[in-house]
Amino acid sequence: MTTSQSPARAGQENDATAQSAAPVAGRWSRVPYFGTPTARFVHRWAIALLVANVGIVATGGAVRLTGSGLGCPTWPRCTDTSFVPHQALGYHGVIEFGNRMLTWVLIAIAIATWVAVWRRAGSTRADRRLATVLALGIPFQGVIGGITVLTDLNPWVVALHFLLSMALVSGSTVLVHRTRPYPDTEVAAPEPSSAQRLGRYLSWLTYLVTWVTIYLGTVVTGSGPHAGDADAPRNGLAPDHATQLHADAVFVLIGLSVALVVFTRVLGVPQQRTALTFVGLLAVQGVIGVVQYVTDLPILLVILHMAGSAALLIGATWLILEFAPSRKHDREPQPIG
């Protein structure tokens, strides 16, 4: 009797395993597209998360550049007695409070992305871990932003706040790359492995120098006039010396990016387009940086320069992803929907 029931029991176990592997729609079936997310749907949410993270960098810069960093003088409340600004705080309070509200928009996008990634049957563990880290990183970043207010815009804490935002931008770029619904066309190139390793080393070195350049940019900002508030402290460094150090890092980055273009051009590898794109971003960012310096840091150009830093980091992140070894074994082919 037991032997005759074994095949049926085995079939039931296999059915149960298959059902547990696929996401159960349940309450999510009532939410359009979230019941059974497609590859294209997840990818679009990843792009939305990336754009939102870049956007919050720009709006945060606007807060500082308009002198509204202490428009809400405390945190998590706007004042000691209210979560919203009152008339006495003027437009500075409105700007700072508005930026705080945009953080909730970013959180909502992060949650939607997290749900989409976790519910998609084709998502890997790495995809889900990354989506979780990004979702948790945003409220953590908000806490750091609160600390900047509580420390009266200490320039080193402000720099940390900006760098964490950039880390979220880089992580979101990785998620966009990993969730692409179309096949990889720039991996497993046919050139010798030694050349592939050199390309990976160059891309990683470019990525690290990009981070150094961005960090030195925050040092320049901490020594300059845009403190976020008239009474906010500065880091005490000479602005011209900090600017020169930042420029030196830019020169190193230019050399590395040119080396990457030459390398990809000589070997004819598919990553050539990515390298050229990075050089283009670097050129635009350099022009904006020089113009803002010689025109005494107008607000609009500084905001564009901050957004350009985010775009440059996206390009540097994409470089290392394109030069990375193929990860086709991580995921099964998924239908595009």
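Toward the positive end of the charge dipole of the range 192-326, with +1 on the Cβ of Lys and Arg and -1 on the Cβ of Asp and Glu, the farthest Cα among Ala227, Ala307, Phe251 is that of Phe251.
P(r) for the range 37-181, from all Cα pairs and a bin width of 5 Å, is 2, 11, 19, 20, 15, 12, 9, 7, 4, 1, 0 %, short bins first.
Rolling a 1.4 Å probe across all protein chains gives Phe97 an accessible area of roughly 40 Å².
With a/c under 1.5 counting as rounded, go ahead and sort the range 192-326 into rounded, prolate or oblate using the C-alpha gyration tensor (a ≥ b ≥ c being the square roots of the eigenvalues; past the cut-off, prolate if a/b is larger than b/c, else oblate).
Details: a/c = 2.72, a/b = 2.40, b/c = 1.13.
Taking the square roots of the gyration eigenvalues as a ≥ b ≥ c, the range 192-326 is prolate.
Measuring only protein heavy atoms, the 1.4 Å probe finds Thr213 accessible over about 10 Å². Other residues with beta-carbon under 9 Å from the beta-carbon of Leu70 carry, at +1 per Lys or Arg and -1 per Asp or Glu, a net charge of -4. Normalised per residue, the accessible area of the range 192-326 is 48 Å², obtained with a 1.4 Å probe and no contribution from ligands, DNA or RNA.
Only Lys, Arg, Asp and Glu carry charge here, each on its Cβ (+1 for the first two, -1 for the last two); on that basis the range 37-181 has a dipole of about 860 debye about its Cα centre.
In this structure the range 37-181 gives 43 Å² per residue of accessible area when probed at 1.4 Å with all protein chains present.
The values are calculated or read from the model by the stated rules, or taken from the named source; none is laboratory data. Bear in mind the structure is a predicted one, so any value in this text is a computation, not a measurement. Cβ: placed from backbone, ideal geometry, glycine included. Neighbour counts: every protein chain shown. Accessible surface is based on the protein model in full, side chains and every heavy atom, while ligands, DNA and RNA are left aside. Shrake-Rupley method; radii C 1.70, N 1.55, O 1.52, S 1.80 Å.
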